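Worksheet for the structure shown next.
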Amino acid sequence: MKKIPPFDLTRQYQTIGKQISDAAQEVLASGGYIGGSLVESFEQQFAAYMGVSECLSCNSGTDALYLALRALQIGAGDEVITTPLTFIATTEMIAAVGAKPVFVDIDAQSFNLDLAQIATAITDKTKAIIPVHLFGQPMDMTALMKIAQAHNILVIEDCAQATGAEWAAQKVGSIGHIGCFSFYPTKNLGACGDGGAVVTNDRSLAEPIRMLRDHGRRSGYYHQLTGINSRLDALQAAILQIKLSYLEQWNDARRQIAANYYQLLQPVPGIVIPQETDGGRSVWNQYTIRLTKDGRTSSYRDQIRSKLQQMGIGSMVYYPLPLHLQPVYQDLGYQAGQLPVCEQVCHQVLSLPMFPELSFQEQQQVVYQLKDCLVG
Ligand SMILES: *Cc1c(COP(=O)(O)O)cnc(C)c1O
């Protein structure tokens with residue numbers, strides 16, 4: 001039987017490859033590889049898509065988070081509340097600016113921060129919250145902004161997995177003070193290399209971010225801030241412009257695939273399937289189920305995963321170990337059992353194949369084999 005990968009970019013290239021390579025050729029022939037009109041026009045197009053006034057592109061989603069934290073002047077002595085279920089870039093950049101990550105447990109159904117527990121983690125050092133719209137599922141931004149406003153806390157949205165997702169008919173990334181995006185190839189809007197962007201409606205933040213990403217200068221060789229070098233190159237900007245025009249179509253295809261999985265997985269006991277929160281419109285960067293037979297160890301999930309692998313069905317585990325228990329954060333002093341929901345979820349999660357070009361027949365095969373593994 002044909003193998004089914006968890007993710008496949010070659011199929012996308014088969015449909016838009018000609019457009020991509022023509023645009024790339026044009027950039028290569030132009031001799032202008034850094035900055036220039038393509039980067040500026042992409043920033044304008046992305047800002048318009050997001051419904052914001054400012055878009056500053058940069059080299060990665062990781063850099064976007066760093067630039068956002070720096071622009072908001074978060075640093076030594078500050079605490080930043082975030083989720084233990086995310087890619088490490090979120091907390092890495094909190095640490096990179098000298099601040100301390102503070103973890104709050106998650107809600108098992110949405111995989112996002114548990115709103116009810118955020119208030120208990122707020123201290124007089126809390127400067128910001130970084131919600132992560134994990135797997136493309138937006139978190140309740142109305143409730144989160146209320147908490148943030150009540151405590152005078154800044155909100156940086158990590159939208160790396162949620163380009164195009166909406167909360168209450170507003171694009172995520174445009175609701176908090178700053179939104180951070182990644183154009184890593186496997187994200188919903190992915191480049192053919194690294195890329196990222198920061199978006200905001202706050203004019204006063206655009207200027208420092210523009211300077212910070214370019215060695216702390218406005219122009220020439222006069223430097224006002226300690227910056228970094230973080231640019232989106234012209235090649236990626238040209239490719240992203242083309243891909244942005246397909247984003248809604250691709251996100252719709254992901255929604256259809258999620259709806260299909262929902263139907264196909266309905267009668268399967270022992271599986272919790274993901275569902276959109278009321279008010280949220282997910283873009284399904286991942287379709288992540290939970291295998292609930294055992295929440296104390298990951299052995300049951302790992303067993304199912306390797307059986308699937310033997311049948312030619314690829315799947316992924318996001319994430320096997322919560323951030324608060326990672327060796328790198330030993331010094332923060334978290335203990336196993338302290339964030340029990342996240343810890344259990346990490347033993348149960350399994351992300352099934354999800355990409356816009358996945359066919360219905362392939363989905364049927366995935367679910368057929370999964371059911372087989374669960375009874376066998
Ligand atoms: C991918 C990702 C990032 C980092 O983006 P890069 O472009 O790879 O640097 C940050 N946060 C989350 C949640 C991500 O998934």
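Which one of Leu115, Ile74, Thr142 has its Cα pushed farthest toward the positive end of the charge dipole of segment 9-244, where Lys and Arg give +1 and Asp and Glu give -1 at the Cβ?
Ile74
For an R0 of 45 angstrom, estimate the FRET efficiency from the Cβ-Cβ distance between Thr123 and Gln303 and round to the nearest 0.05. Write down the numbers at each step before the final one.
Numbers: r = 42 Å, r/R0 = 0.93.
Using R0 = 45 Å, I get an efficiency of 0.60.
Apply the membrane-span-like helix rule to the chain: whole DSSP H runs, Cα extent along the own long axis of at least 24 Å, mean Kyte-Doolittle hydropathy at least -1.0. List the helices found.
On the way: long enough: 10-30 (28 Å, -0.56); 247-265 (27 Å, -0.83).
For the chain, where a helix must reach 24 Å along its axis and average at least -1.0, the hits are 10-30, 247-265.
Cross-link candidates for Lys18: which aspartates and glutamates have Cα within less than 17 Å, leaving aside residues fewer than 8 places away along the same chain?
Glu26
Straight-line reach from Lys127: which aspartates and glutamates fall under 18 Å, measuring Cα to Cα and dropping same-chain residues less than 8 apart?
Those aspartates and glutamates meeting the cut-off are Asp78, Glu79, Glu92, Glu157, Asp158, Asp202.
Can you tell me the dipole magnitude for segment 1-102 around its Cα centre, using point charges on the Cβ only (Lys, Arg +1; Asp, Glu -1), in Debye to the nearest 20? Can you show the working numbers first?
Values: 6 positive and 10 negative charges, 104 e Å.
The dipole magnitude comes to about 500 debye.
Can you run the Rg to Rh ratio on the chain? Use alpha carbon positions and the Kirkwood inverse-distance Rh. List each step's numbers first, then the result.
Details: Rg = 20.8 Å, Rh = 21.4 Å.
My calculation puts Rg/Rh at 0.97.
With viscosity set to 0.692 mPa s and temperature to 37 °C, compute the Stokes-Einstein D of segment 102-203, Rh being the Kirkwood radius across alpha carbon pairs; µm²/s, no decimals.
In µm²/s, the coefficient rounds to 234.
Hey, if you drop one equal point scatterer on each alpha-carbon of segment 248-375 and run the Debye formula without solvent, what base-10 log of I(q)/I(0) do you get at q = 0.11, 0.14, 0.17, 0.19 Å⁻¹?
-0.43, -0.67, -0.93, -1.09
Would you mind checking segment 105-126 for residues with the amide N under 13 Å from a putative spin-label position 7 Å along Cα→C-beta of Gln326?
Flagged as within label range: none.
Which of the peptides 361-374, 28-41, 341-354 is most tightly packed, and how do the rest follow, going by the mean number of other Cβ atoms within 10 Å of each residue? List each step's numbers first, then the result.
Numbers: 361-374: 17.1, 28-41: 13.2, 341-354: 21.7.
The packing order, highest mean first, is 341-354, 361-374, 28-41.
With charges set only on the Cβ (+1 for Lys and Arg, -1 for Asp and Glu), what does the dipole of the chain come to about its Cα centre, in debye to the nearest 20?
Using Cβ point charges on Lys, Arg, Asp and Glu, the chain gives about 520 debye.
What is the packing order of peptides 292-300, 78-86, 214-222, 90-98, taking the mean over residues of other C-beta atoms within 10 Å and listing the highest first? Please report the intermediate quantities before stating the final value.
Details: 292-300: 14.2, 78-86: 25.0, 214-222: 11.6, 90-98: 19.9.
Answer by packing, highest mean first, reads 78-86, 90-98, 292-300, 214-222.
Among rounded, prolate and oblate, which fits segment 181-334 when a ≥ b ≥ c are the square roots of the eigenvalues of its C-alpha gyration tensor, a/c under 1.5 means rounded, and a/b larger than b/c means prolate?
Values: a/c = 2.50, a/b = 1.69, b/c = 1.49.
Because a/c hits 1.5 or more and a/b exceeds b/c, segment 181-334 counts as prolate.
Roughly what would the spin-label model give for Gln361 and Tyr33, points 7 Å off Cα along C-beta, in nm?
In this crude label model, Gln361 to Tyr33 measures out at 4.3 nm.
Ranked highest first by the average count of other Cβ atoms within 10 Å around their residues, in what order do 132-144, 305-317 fall?
Order by mean packing, descending: 132-144, 305-317.
At Phe7 and Gln44, where each label point lies 7 Å from the Cα along Cα→Cβ, what is the point-to-point distance in nanometres?
3.2
Using the Cα centre of the chain as origin and beta-carbon charges of +1 (Lys, Arg) and -1 (Asp, Glu), tell me which of Ala234, Gly173, Ile20 is placed farthest towards the positive end of the dipole.
Ile20
In nm, give the distance between the simple-model label positions of Arg217 and Ser21, each being 7 Å from the Cα along the Cα-to-Cβ direction.
Each label point lies 7 Å from its Cα, and together they span 3.9 nm.
Based on the Cβ-Cβ distance of Gln338 and Thr292, what FRET efficiency does E = 1/(1 + (r/R0)^6) give at R0 = 25 Å, to the nearest 0.05?
0.70
Efficiency by 1/(1 + (r/R0)^6): what FRET value for Asp202 and Tyr368, r their Cβ-Cβ distance, R0 = 45 Å, to the nearest 0.05?
E(calc), rounded to 0.05, equals 0.35.
So, in Å, what gap is there between the alpha-carbon centers of segment 121-152 and segment 1-51?
A separation of 33 Å, based on Cα centres.
Of Tyr184, Ser60, Asn201, which is farthest along the charge dipole of the chain in the positive direction, counting Lys and Arg as +1 and Asp and Glu as -1 at C-beta?
In the chain, that residue is Tyr184.
If you stretched the chain out fully between Thr226 and Met311, how much longer would it get, using 0.36 nm times the residue separation minus the C-alpha to C-alpha distance?
Working it through step by step, the gained length comes to 25.3 nm.
None of the figures in this text is laboratory data; all of them are computed from the coordinates on show. Since the model is a prediction, treat every value here as computed from it, not as a measurement. FYI the Cβ positions are ideal-geometry reconstructions off the backbone, even for glycines, and counts take in every protein chain you see.
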